[in-house]
1. Taking the Cβ of each residue in 226, 167 as the centre, tally the other Cβ atoms inside 10 Å and list the residues starting with the fewest.
2. Under the rule of -39500 (n - 2.57) per DSSP H run of 4 or more residues, summed and divided by the residues of the chain, what mean residue ellipticity at 222 nm is obtained, to the nearest 500 deg cm²/dmol?
3. Rg and Dmax in Å for region 59-147, alpha carbons only: what are they?
4. Sort 151, 112, 224 so that the residue with the fewest other Cβ atoms within 10 Å of its own Cβ comes first and the one with the most comes last.
5. Run a plain Debye calculation on region 111-264 (Cα atoms as equal point scatterers, no solvent) and give log10 I(q)/I(0) at q = 0.17, 0.18, 0.20 Å⁻¹, rounded to two decimals, same order as the q list.
6. If each of residue 133 and residue 72 carries a label point 7 Å out from its Cα toward its Cβ, how far apart are those two points in nm?
7. From the P(r) of the chain, could you give the percentage of C-alpha pairs in the tail past 31 Å?
8. Between residue 79 and residue 181, what is the FRET efficiency for a Förster distance of 45 Å, r being their Cβ-Cβ separation, to the nearest 0.05?
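Read-outs: derived from the displayed coordinates by stated rules, not from any lab. All values reported here derive from a predicted model rather than from experimental measurement. Please note: Cβ atoms are built from the backbone with ideal geometry, for glycine as well, and neighbour counts cover all protein chains shown.
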């Protein structure tokens with residue numbers, strides 16, 4: 001499955017490269033990066049032996065091609081490189097919303113797997129939604145992403161839209177929540193640095209406990225909610241009819257809808 005050609009080594013592509021390096025999954029010499037604006041990550045992996053923006057002829061060596069450009073420019077990228085690739089190269093797309101059939105056609109009928117990862121792949125704690133029409137493509141995509149996170153197989157490609165709303169976009173929801181919690185602490189009178197430390201350490205600790213305990217979120221919530229206590233007072237706001245539950249449902253639906261729009 002190597003060499004691996006990375007088309008786009010920006011935020012997501014770079015995170016994947018960092019995760020592979022951290023996990024020791026692939027040697028730098030097995031990577032080919034093509035990006036007009038190389039990041040520090042791209043430069044670092046080049047120094048370790050990867051090929052960064054090599055001559056076009058090198059692209060024909062790639063057995064696996066990661067399409068990690070913005071969804072708005074994927075067709076342009078395909079038109080630039082499709083004729084340079086080996087006929088049996090597998091295309092693995094991380095472009096939100098873009099259907100496998102469309103990608104396959106743009107890349108000359110090559111096999112396609114679609115994935116929706118989170119940027120936590122950089123620290124080997126990503127979450128990856130995966131769809132592939134054939135078993136070999138799915139197996140190769142698993143080999144790429146299992147070293148950097150938890151892989152969830154989806155049998156219906158259309159479910160990737162919902163997976164984008166629930167997982168692919170969700171780190172931003174979490175960061176927005178922490179940001180708002182910090183601001184709430186300051187509004188309640190805490191010094192900004194104290195609010196920052198308390199909000200961030202509490203959220204990461206709670207997430208770690210959820211992962212380590214294996215318990216349901218609702219059970220953990222009840223364990224820290226005393227009757228008529230401070231937490232219950234706060235939850236009456238967050239869990240009101242117009243509170244966090246309906247708000248997140250609207251957010252997931254909005255992200256799902258946008259994923260479908262990006263796919264045309």
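1. Numbers: 226 9, 167 21.
Sorted ascending by nearby Cβ count, the order is 226, 167.
2. Working: 11 runs with 127 residues, N = 264.
Calculated from helices alone, the mean residue ellipticity at 222 nm is -15000 deg cm²/dmol.
3. Computed over the Cα atoms of region 59-147, radius of gyration and Dmax are 12.5, 35 Å.
4. Numbers: 151 18, 112 27, 224 10.
Arranged by neighbour count, lowest to highest, 151, 112, 224 become 224, 151, 112.
5. Debye curve over Cα of region 111-264, log10 I(q)/I(0) at q = 0.17, 0.18, 0.20 Å⁻¹: -1.16, -1.24, -1.38.
6. Calculated label separation equals 2.9 nm.
7. Details: 11888 of 34716 pairs.
So the portion of pairs separated by more than 31 Å is 34 percent.
8. Values: r = 45 Å, r/R0 = 1.00.
So, using R0 = 45 Å, E works out to roughly 0.50.
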